[in-house]
Every structure is written in structure tokens, then in C-alpha cells.
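A.B. asks: Below is one structure. I have some questions about it.
The values are calculated or read from the model by the stated rules, or taken from the named source; none is laboratory data. Predicted, not measured: the structure shown is a model, and the values here were computed from it. Virtual Cβ from ideal backbone geometry, glycine too; neighbours counted across all protein chains shown. Side chains included, ligands, DNA and RNA excluded: accessible areas come from the protein's heavy atoms. Shrake-Rupley method; radii C 1.70, N 1.55, O 1.52, S 1.80 Å.
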Amino acid sequence: MKRVLITGGNKGIGLKVVEKFLEFDYEIIVVARDFSSFPYKDKVQTIEYDLSNVLGLKDLAKEIGDIDILINNAGYMQPKYSYDNYPLEAKEHILNVDLHTPVELMTLFSEGMKKKSYGRIVNTASIAGQIGHPDIWYGIAKAGLINATKIFAKLLGSYNIVVNCIAPSPVETDMQKDNSEERKEEFKKAVPCGRFAEPEEAAEVIFWLATSCPEYVNGTTVDFNNASYVR
């Protein structure tokens, strides 16, 4: 049975990814800060952990053990801060969760994947990493994660480890509570279908990248934006 680790799998896109894997025969480990409303505690292994704590990740990886699939899904934004008034602590916290921790987890868990000559890694970035964002450090972190995907695909590809990324435009999750109604309406105007994505749709793409995409789909960022950003 293959083992999959999903960070931020307690809600939003991550929860839908958990539900997708539950349809099949996988051992699922979910890491998040809060499982108070998580509905699958009896079906998956849950580990409460603050992913801003980069220094504790080695111990976390030892606790989890080797895995076959890593879904770096956890992330958040802080649009309440402007680019010229962004507290250092807030900057460090978002960079840890959205960039430093995913990179460290790829580094740590790829060691076990190398031994098995098999692994799948999927990073959840954002269209913000491609076109920018008012939360400047959120955009910077997601751009860095897109670049890290390319780097790790090259570093790990010869070990039969495939590393890819999804870059969603806004998705109907709790994260949208941090966006103003004005900004949300502006986003929708740029989307041909006139709506935000549903988390189930993003989960379908992530599951495909994590399980059955061809080996030649490696180092790729899948644009998930309904043609609102065409390149």
C-alpha cells in the first residue's frame, strides 16, 4: 500500500485531496494545525503540527517515516499587510509555511523515495506566483515554489521521482474570506466561465499529478485558471 502525506489536508483543497485518495487504497497521513472539524480522523493518520516551524521538520519526518507521495498543499496569505508595511515576523511566517517548509519536506522525504526508486511530489502554488499579488510575500513565496518544482524535478528525476506543481487562480475555500468583495469580483470578470474554481476540481488535478500522470510530465506547473492567465 502506498503512503501519501498531505499537508494542510484538514480543509479546502487539501481536504478534497484527502477525499480523493480515500476512494482508493492508500495509507494517508495528514499534517495540519487544527483537526477540530476534520471529518476523517478514524480513516487517516492525523498529526497536529505548525508548519511554520521549519526547525522541527526533521523530527516530523522521522515520526512519519518513508512515504511514496508528498502533497505540499498547506499555504495561506496575509492581504491585510501592504508591501511597504509588512511586519518582519509576518513575512518570516508566511515564507516558512508557503516556501521554506515545502522545500525542506521535498529534501527530507525524497531520501526515502530515492531508496525505492519511486516518488511523486505535488506542490500547490498559485497564479499569484505567476502574475503577482497585493500580498507581496505570498506572491514571492509561490513564485519560489514554482521555481523549486523545476529544480527538484531536475535533481530527482533520475531516481524515478516526478515533481510537479499546480498554480490555481482563486478557489472557493476559506482563504477567500481574506479577499475583499471588490477584488473577488475583479477576478471573476477575468475568468471566461465567470466563477472561481471549486476545490474538488483542483483536487482532481493534484490526484492525477500524484498518481497517474506520465513520467514526462515532470517539472511542470499546471495552469489551473480557466484561461484567465493564458501563456
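A.B. asks: What is the gain in length, in nm to one decimal, between E92 and D25 on full extension, counting 0.36 nm per residue of separation less the C-alpha to C-alpha distance?
C.D. replies: Full extension from E92 to D25 adds 20.3 nm.
A.B. asks: Could you tell me which of S110, Y159, P192 has its Cα farthest along the dipole of the chain towards the positive end, charges placed at Cβ (Lys, Arg +1; Asp, Glu -1), taken about the Cα centre?
C.D. replies: My answer, from the dipole projection, is Y159.
A.B. asks: Have a look at the DSSP beta bridges in the chain and tell me what percent are antiparallel, nearest 5.
C.D. replies: Around 5 percent antiparallel, to the nearest 5.
A.B. asks: Of the heavy-atom accessible surface of the stretch 11-114 (probe 1.4 angstrom), what whole percent is carbon and sulfur?
C.D. replies: 46
A.B. asks: Check which residues have an amide H placed less than 5 Å from V162's amide H, if you skip close sequence neighbours.
C.D. replies: Placed amide hydrogens put G119, R120, I121 under 5 Å from V162.
A.B. asks: Also: Rank A32, P134, I71 by how far each Cα sits towards the positive end of the charge dipole of the stretch 1-153 (+1 on Lys, Arg Cβ; -1 on Asp, Glu Cβ) and give me just the farthest.
C.D. replies: In the stretch 1-153, that residue is I71.
A.B. asks: Might you tell me the accessible area per residue for the stretch 85-213, computed with a 1.4 Å probe and given in Å²?
C.D. replies: 44
A.B. asks: Radius of gyration and Dmax for the stretch 1-136's Cα atoms, expressed in Å?
C.D. replies: 15.5, 49
A.B. asks: Something else: L51's amide H: which non-local residues (gap 5+, or another chain) put their own amide H closer than 5 Å, with H modeled 1.01 Å from N in plane and none for Pro or chain starts?
C.D. replies: Here nothing satisfies the definition.
A.B. asks: Using a Förster radius of 35 Å, what is the FRET efficiency between K2 and E48 based on their Cβ-Cβ separation? Nearest 0.05, please.
C.D. replies: Calculated value: 0.90.
A.B. asks: Once you put a point 7 Å from the Cα of T107 and another 7 Å from the Cα of F38, both along the Cβ direction, what distance in nm separates them?
C.D. replies: Modelled inter-label distance: 2.5 nm.
A.B. asks: Relative contact order for the chain using alpha-carbon pairs under 8 Å, separation at least 6, rounded to a whole percent?
C.D. replies: 20
A.B. asks: Turning to a different aspect of this structure: What's the ranking of 150-159, 133-142, 197-206 by average number of surrounding C-beta atoms within 10 Å, highest first?
C.D. replies: 133-142, 197-206, 150-159
A.B. asks: Could you give the dipole magnitude of the chain about its Cα centre, charging the beta-carbon of Lys and Arg +1 and that of Asp and Glu -1, in debye to the nearest 20?
C.D. replies: With Lys and Arg at +1 and Asp and Glu at -1, about 580 debye.
A.B. asks: I'd like to compare 68-77, 96-105: which one has the highest average count of other Cβ atoms within 10 Å, and what's the full order after that?
C.D. replies: 68-77, 96-105
A.B. asks: Helix 199-211: angle to the longest alpha-carbon principal axis of the chain, degrees 0 to 90, nearest 10?
C.D. replies: Tilt of helix 199-211: around 30 degrees.
A.B. asks: So, one more: For the stretch 149-231, what relative contact order do you get, as a whole percent, if you take Cα pairs closer than 8 Å and at least 6 residues apart?
C.D. replies: Relative CO of the stretch 149-231 lands at 48 percent.
A.B. asks: Would you please give the residues with an amide H less than 5 Å from that of K2, counting only those at least 5 places away or on a separate chain, with H modeled from the backbone geometry?
C.D. replies: E27
A.B. asks: Relative to the longest principal axis of the chain, what angle (0 to 90°, nearest 10) does the C-alpha long axis of helix 101-116 take?
C.D. replies: Helix 101-116 and the main axis of the chain meet at about 30 degrees.
A.B. asks: Give the accessible area for D66 in Å² (nearest 10); use a 1.4 Å probe, count only protein heavy atoms, and leave out ligands, DNA and RNA.
C.D. replies: Around 80 Å² of this residue is reachable by solvent.
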